[in-house]
Amino acid sequence: ILTCIAVCMVVAAVPVMAFASEQTLEERVAAYCENLGDTDGNGKVNVTDARKALRIAVGLEIATAQEIKNADIDNDGGVTVNDARSILRYAVNLSGFDIPNSVVSKAEVLNLFVTAANKVKEENPGLDRKTTMVTPSIRVTFSDDDIGIKDMELYDTKAYIDEKIKEAEAVLNSPLALLIPPEKLEELRKAIKSWNDNKDNIDKMYEPQVETFHVKAGRSHYAAFTVRGKVWSSRAESEDVKSAVLSYQNGAYEIKITYDDSPTYGAYGEALPTDITKIPYGRMFDLESYTTYVKPGRSDFRFNSLKFKNGAVDCKINLSTLSLETATYSFTQIWDYTVIAKSENEEEKDSESRYVITAKNTAEYIIGQSTVQ
């Protein structure tokens, strides 16, 4: 009986012991980061530590177990040249230490972000948002009666339009103008004015569009802080992202999330999404829906294709409270559409102008104290 009781006591104690030894994610990260990079153990991370790590890596120094632990940045069990390089970059403030996924997995890092991002709604802090859109490229393809199809960057069309204006003005100022019906001459004058107006506006298409505003706590948050599109609950999933890394520097933590490029929707067999907020990029970034473009019925407009690339989220996080302190979202959007100009003359064909626009979007958020709506 005593033996049976003893065995039962041991069996019963096992789960308790296992539970007691389990570390929380915060404890696990803190244990890994303790003395990280401090190869010589003097309490500081500097160039000397990088030099010592390099000497250990190439076999010029015999290291103790503690020195190896401190210098093993990628947690692979040894000290390499890459570890020394990481320590050097940290020492000169070029980057923090990326905590490897062997310590905290991609799914765990993403879950940290999702938890912290969704707390923004619950805690209702005030938000300052600065959005910037830069358009480095607009390629336009259009038909010309004289030369057929012409394809160029939009900024190149200024020279093309100048040439067309000179040709039209030459006609107006020549004796041939007497042979042209008055209504046609008026159309030509209107065309010249329109060309001049469009030419002057081309440069504005490339000017960065910057918008900064403050949003108080409350329901209007949905328009200022991206969690999942414009809906308050992050649905970013592990398979959506290429990498999710927790970075450490001087006691502070940062989450870096990167996305794979999206398919080219509308081309190569990928159907255009009817609701962009539901695709992987839409589950993270502030994307408006293009449903109205996708649906038939607009005879003057055709939405051809859409692609997203360079998606990234970079945010500072308080690991103790699981709260965001700042966040920056960025992505590049390439969309292709055709504008159809209907001809009033049934004998003439409708003209089409195709635009492929590349735009780089950035949204910076500063999360402040709670303010009353």
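Testing residue 245 on (1) within 19 Å of residue 99 (Cα to Cα); (2) open to solvent by less than 10 Å² (accessible area, probe 1.4 Å), one condition comes back false. Which one is that?
Here residue 245 clears every test but (2).
Going residue by residue through the stretch 277-284, is there one that turns out to be under 30 Å from residue 98 (Cβ atoms), modelled with pLDDT under 85 and in contact with a strand residue (DSSP E or B) (Cβ under 6 Å, 6 or more places away or on another chain)?
Within the stretch 277-284, one or more residues are under 30 Å from residue 98 (Cβ atoms), modelled with pLDDT under 85 and in contact with a strand residue (DSSP E or B) (Cβ under 6 Å, 6 or more places away or on another chain).
What is the one condition in (1) closer than 16 Å to residue 199 by Cα; (2) open to solvent by 90 Å² or more (accessible area, probe 1.4 Å) that residue 157 does not satisfy?
Of (1) closer than 16 Å to residue 199 by Cα; (2) open to solvent by 90 Å² or more (accessible area, probe 1.4 Å), only one is false for residue 157: (2).
Condition first: open to solvent by 40 Å² or more (accessible area, probe 1.4 Å), among the β-branched types (Val, Ile, Thr) and more than 21 Å from residue 41 (Cβ to Cβ). Now tell me which residues in the stretch 82-115 satisfy that.
115
Pick from the stretch 25-48 the residues that are more than 30 Å from the chain's Cα centre (by Cα) and of a type in the set (Ser, Thr, Tyr): which of them is least open to solvent (accessible area, probe 1.4 Å)?
This residue is 39.
When you go through 56, 87, 73 one by one, which is the residue that is under 27 Å from residue 256 (Cα atoms), among the β-branched types (Val, Ile, Thr) and in a helix (DSSP H, G or I)?
The unique qualifying residue is 87.
With 130, 121, 106 as the choices, which residue is modelled with pLDDT under 90 and touching a helix residue (DSSP H, G or I) at 6+ places or on another chain (Cβ under 8 Å)? Reasoning before the result, please.
Numbers: 130 fails: touching a helix residue (DSSP H, G or I) at 6+ places or on another chain (Cβ under 8 Å); 106 fails: modelled with pLDDT under 90.
That would be 121, the only listed residue that is modelled with pLDDT under 90 and touching a helix residue (DSSP H, G or I) at 6+ places or on another chain (Cβ under 8 Å).
Please verify whether residue 188 is open to solvent by less than 90 Å² (accessible area, probe 1.4 Å), in a helix (DSSP H, G or I) and over 27 Å from residue 356 (Cβ atoms), treating the condition exactly as stated. Lay out the reasoning, then the answer.
Working: open to solvent by less than 90 Å² (accessible area, probe 1.4 Å): yes; in a helix (DSSP H, G or I): yes; over 27 Å from residue 356 (Cβ atoms): yes.
Yes, satisfied.
Suppose we filter 312, 341, 327 for residues that are over 22 Å from the mean Cα position of the chain (by Cα) and either within 30 Å of residue 251 (Cβ to Cβ) or loosely packed, with under 14 Cβ neighbours inside 10 Å (or both); which single one remains?
From the options 312, 341, 327, the qualifying one is 341.
One line per residue, one yes/no per condition, for (1) at pLDDT 85 or above; (2) under 18 Å from residue 362 (Cα atoms); (3) open to solvent by less than 80 Å² (accessible area, probe 1.4 Å); (4) not hydrophobic (A, V, I, L, M, F, W, C):
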position: 174; (1), (2), (3), (4): yes, no, yes, yes
position: 179; (1), (2), (3), (4): no, no, no, no
position: 219; (1), (2), (3), (4): no, no, no, yes
position: 225; (1), (2), (3), (4): no, yes, yes, no
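Checking the conditions here, which among 320, 343, 330, 351 is under 28 Å from residue 268 (Cβ atoms), modelled with pLDDT under 90 and among the hydroxyl-bearing types (Ser, Thr, Tyr)?
351
Run residue 59 past the list (1) more than 25 Å from the chain's Cα centre (by Cα); (2) surrounded by 14 or more Cβ atoms within 10 Å (Cβ to Cβ) and report the number of the one that doesn't hold.
So residue 59 meets the others, but not (2).
Suppose the filter is open to solvent by less than 50 Å² (accessible area, probe 1.4 Å), of a type in the set (S, T, N, Q) and at pLDDT below 80; does residue 274 pass it?
Here the answer is no, as residue 274 does not meet what is asked.
The values are calculated or read from the model by the stated rules, or taken from the named source; none is laboratory data. Treat the numbers as computed from the prediction; the structure is a model and nothing was measured. Cβ atoms come from the backbone with ideal geometry, glycine included; neighbour counts cover every protein chain shown. In case anyone asks, the SASA skips ligands and DNA or RNA and just uses the protein heavy atoms, side chains included. Shrake-Rupley method; radii C 1.70, N 1.55, O 1.52, S 1.80 Å.
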